[in-house]
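A short worksheet on the structure shown next.
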Amino acid sequence: MKADLASRSLLLVVDNVEHLMATADLLADLLAHAPRVKILATSREALRVQAEHEFPVPPFALADSVQMFADRAAAAHHGFQVDEANAAIVDAICRRLEGIPLAIELAAARTKLLAARGVARASGATARLPRRRRS
């Protein structure tokens, strides 16, 4: 593989490398033998290889978290929108997930099967939920 890539110019994208930390040495070796190859790796942990440059992704602000949740939920469940009935619930979900983009993305995808209150329960955000009004 190294020989095939040695003369090529390409970007290799590797996601969730923290689950494959044994690959860090392989990636470092590839970089050493293929100077025109660049690697973009996502990970919750540093790889600790010589050519590594870390770019921490900070959590989103609450308003951005809510907007992302609304956008991703609408993509997963056509017609989903944050409204008066679920705004406090979506807010609680985003607070519970601490603005972490991947967590928000995954929670929002659950709206395909669950109402916002169900997503909140699944994410552990129930302590922050407003009480249901009884008629």
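The values are calculated or read from the model by the stated rules, or taken from the named source; none is laboratory data. If you're wondering where the values come from, they're calculated on a predicted model, not measured in any experiment. Note that each Cβ is placed from the backbone with ideal geometry, even for glycine, and that neighbours are counted across all protein chains shown. For the accessible areas, the whole protein counts, side chains as well, though only heavy atoms, and no ligand, DNA or RNA atoms are used. Shrake-Rupley method; radii C 1.70, N 1.55, O 1.52, S 1.80 Å.
What residue, among those in segment 48-82 that are modelled with pLDDT under 95 and charged (D, E, K, R), is nearest to the chain's Cα centre (by Cα)?
GLU54
Considering only residues that are of a type in the set (A, V, I, L, M) and free of Cβ contacts under 8 Å to residues at least 12 places away in the same chain, which ones fall in segment 19-31?
Hits for segment 19-31 are LEU20, ALA22, LEU26.
Within segment 2-19, is there a residue that is under 21 Å from ALA107 (Cα atoms), in a helix (DSSP H, G or I), open to solvent by 40 Å² or more (accessible area, probe 1.4 Å) and at pLDDT 90 or above?
Within segment 2-19, not a single residue is under 21 Å from ALA107 (Cα atoms), in a helix (DSSP H, G or I), open to solvent by 40 Å² or more (accessible area, probe 1.4 Å) and at pLDDT 90 or above.
Of all residues in segment 83-114 being loosely packed, with under 15 Cβ neighbours inside 10 Å and among the acidic types (Asp, Glu), which is farthest from the chain's Cα centre (by Cα)?
Among them, the one singled out is GLU84.
Out of (1) in contact (Cβ under 8 Å) with a residue 24 or more places away in the chain; (2) closer than 29 Å to LYS112 by Cβ; (3) of a type in the set (A, V, I, L, M, F, W, C), what's the single condition that is false for ALA6?
If we test ALA6 against (1) in contact (Cβ under 8 Å) with a residue 24 or more places away in the chain; (2) closer than 29 Å to LYS112 by Cβ; (3) of a type in the set (A, V, I, L, M, F, W, C), just (2) comes out false.
Which of the numbered conditions does ASP29 fail, given that it passes all the others? Conditions: (1) surrounded by 14 or more Cβ atoms within 10 Å (Cβ to Cβ); (2) assigned to a helix (DSSP H, G or I); (3) in contact with a helix residue (DSSP H, G or I) (Cβ under 9 Å, 6 or more places away or on another chain).
(1)
Within segment 37-74, track down each residue that is touching a helix residue (DSSP H, G or I) at 6+ places or on another chain (Cβ under 8 Å), open to solvent by less than 70 Å² (accessible area, probe 1.4 Å) and assigned to a helix (DSSP H, G or I).
Hits for segment 37-74 are LEU62, SER65, VAL66, MET68, PHE69, ALA70, ALA73.
How many residues are without any contact (Cβ under 8 Å) to a residue 12 or more places away in the chain and not hydrophobic (A, V, I, L, M, F, W, C) if we restrict to segment 36-57?
Here the count works out to 4.
Determine whether segment 84-99 contains at least one residue that is modelled with pLDDT of 90 or more, of a type in the set (Lys, Arg) and part of a helix (DSSP H, G or I).
Here is the first cut: in segment 84-99, the residues modelled with pLDDT of 90 or more are 84-99.
Then drop every residue that is not of a type in the set (Lys, Arg), which leaves 95-96.
Still in the list and also part of a helix (DSSP H, G or I): 95-96.
So far as segment 84-99 goes, yes, one or more of its residues are modelled with pLDDT of 90 or more, of a type in the set (Lys, Arg) and part of a helix (DSSP H, G or I).
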